[in-house]
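Taking it in order: structure first as structure tokens, then the write-up.
Laboratory data are not the source of any read-out in this text; all were calculated from the coordinates shown. Here the structure is a predicted model, which is why all the values come from computation and not from measurement. For neighbour counting, all protein chains shown are included, and Cβ atoms are generated from backbone atoms with ideal geometry for every residue, glycine included.
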Amino acid sequence: MPGALFSLITLKNSSPSEIESFFQSAEKLQQQPGALTGSGRSIALLFFEPSTRTRLSFESAAHRIGCGALVMDVAQGTSLEKGETLEDTILNVAAMKPAALVIRAGDDLDMSLLAQKLSMPIFNAGWGMRGHPTQALLDFLTLRKQWGDLAGKKLLIVGDVKHSRVAASHFELATKLGVEIGLCGPKEFLPQSWLGKSFVRLSEGLQWSDAVMALRFQFERHDKDLVLGREQFRAEYGLNSQSLKDLGEKGWILHPGPVNHGVEIETEVFSDARCLIFEQVEQGVYMREALLRRGLGEQL
Ligand code: CP
């Protein structure tokens, strides 16, 4: 009897042992390339919002498996421009029988409902403000490479948390891994429902943490009447040379990208040896390859 389909839309229902197996598979694929088992199959990458890292790393992962990639990039030149709905577009691509669908879309798409209608694995590649599970997995994979054991570590997330799908997935994952999250940012950037640790002053948060993840100031998701400006944010919450001292020598720096230079991060932080931004991007390929292989039914 065929096994259940493996999709990844949220991390809510993933068990700690399943997450451990994702990490181990990605680590194995980094040490030794996997077999080209995907020959003759394709993976559809449907990106209805802009992306650089996620789209290209899924595409790179597809190549590493030996699959072709069917790419829809921000839907330009497609029948969406003629009024076709997002759901109809996805169902039509699914009718071409790719081995898996990788989808980035806004909150208006019901990805969970879509998964029930389709008989192929679906991967959330960034879904509105709801979640970005593969990003959270690759971020913790990156930290695991530095720390070994993640349990008991403290991660400070700084900035535009309320609009961040990355942070939403970090919240889901951190508890399962035994990582404590602290938040720091202007009041209007933090979720009102947050009951965990939060810091008014960036320096205090950095001194508390073992690693800091800065988030992009999502200018496009804020009301025009947002009082806080770019320069005020930079002065109070931007990572700079003082932050490098506050963080301590063993503290790691992450950012999921894209970075607003001179807003969340100054040049000296971006080029600091503790900054893992490009390491995150590299780990993203292995993590996404591990997840796609699992979706295609491979035992790793
Ligand atoms: N981190 C991330 O999702 O980057 P992209 O938007 O470039 O994919």
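Peptides 19-28, 281-290, 138-147, 33-42 ranked from most to least packed give 281-290, 138-147, 19-28, 33-42, packing being the mean of other C-beta atoms within 10 angstrom over each peptide's residues.
Working from label points 7 Å from Cα in the Cα-to-Cβ sense, the A235 to K12 distance is 4.1 nm. For the stretch 131-281, lysine pairs with C-alpha atoms less than 13 angstrom apart, excluding pairs fewer than eight positions apart on the same chain, total 5. Express in % the proportion of alpha carbon pairs of the stretch 127-173 at distances exceeding 13 Å. I get 57 percent for the Cα pairs in the stretch 127-173 exceeding 13 Å. Spatially, the stretch 9-76 and the stretch 172-220 are offset by 28 Å when compared through their Cα centroids.
Using the Cα centre as the reference, give the magnitude of the dipole from point charges on the C-beta atoms of the chain (Lys, Arg: +1; Asp, Glu: -1; all else neutral), rounded to the nearest 20 debye.
580 debye
For M213, the residues whose modelled amide H falls within less than 5 Å of its own, excluding neighbours fewer than 5 places apart on the same chain, are L156, I157, V158, L254.
Once Lys and Arg get +1 and Asp and Glu get -1 on their Cβ, which of P50, A168, T142 lies farthest toward the positive end of the dipole of the stretch 38-170? Highest projection toward the positive end goes to T142. A Cβ-based charge dipole, computed about the Cα centre of the stretch 29-104 with Lys and Arg at +1 and Asp and Glu at -1, lands at about 360 debye. Against the main long axis of the alpha-carbon atoms of the chain, helix 133-147 sits at an angle near 60°. Radius of gyration over Kirkwood radius for the stretch 127-223, both on Cα atoms: the Rg/Rh ratio is 0.94.
Phi-derived couplings, Karplus 6.51 cos²θ - 1.76 cosθ + 1.60 at θ = phi - 60°, listed residue by residue for the stretch 236-242: 9, 10, x, 7, 9, 4, 5 Hz, with x used for Gly and Pro.
Expressed as a whole percent, the proportion of Cα-Cα pairs in the chain lying more than 33 Å apart is 24%.
Ordered by the count of other Cβ atoms within 10 Å of each Cβ, fewest first, S198, S243 give S198, S243.
Each of F233, F219 was scored by other Cβ atoms within 10 Å of its Cβ. Arranged with the fewest first, they read F219, F233. The fewest-to-most ranking of H261, H63, H170, H163 by surrounding Cβ atoms within 10 Å reads H261, H63, H163, H170. Listed by chain and number, the aspartates and glutamates placed with their C-alpha closer than 20 angstrom to that of K82 are E49, D73, D108; residues fewer than eight positions away on the same chain are left out. In terms of overall dimensions, the stretch 226-295 has a Cα radius of gyration and Dmax of 15.2, 46 angstrom. Which of the three applies to the stretch 19-164, rounded, prolate or oblate, going by the alpha-carbon gyration tensor with a ≥ b ≥ c and a/c under 1.5 meaning rounded? Oblate is the answer for the stretch 19-164, as a/c is 1.5 or above yet b/c matches or exceeds a/b.
Only one residue of L247, Q24, Q192 has its Cα farthest out toward the positive end of the dipole of the chain, where Lys and Arg carry +1 and Asp and Glu -1 on Cβ, and that residue is Q24.
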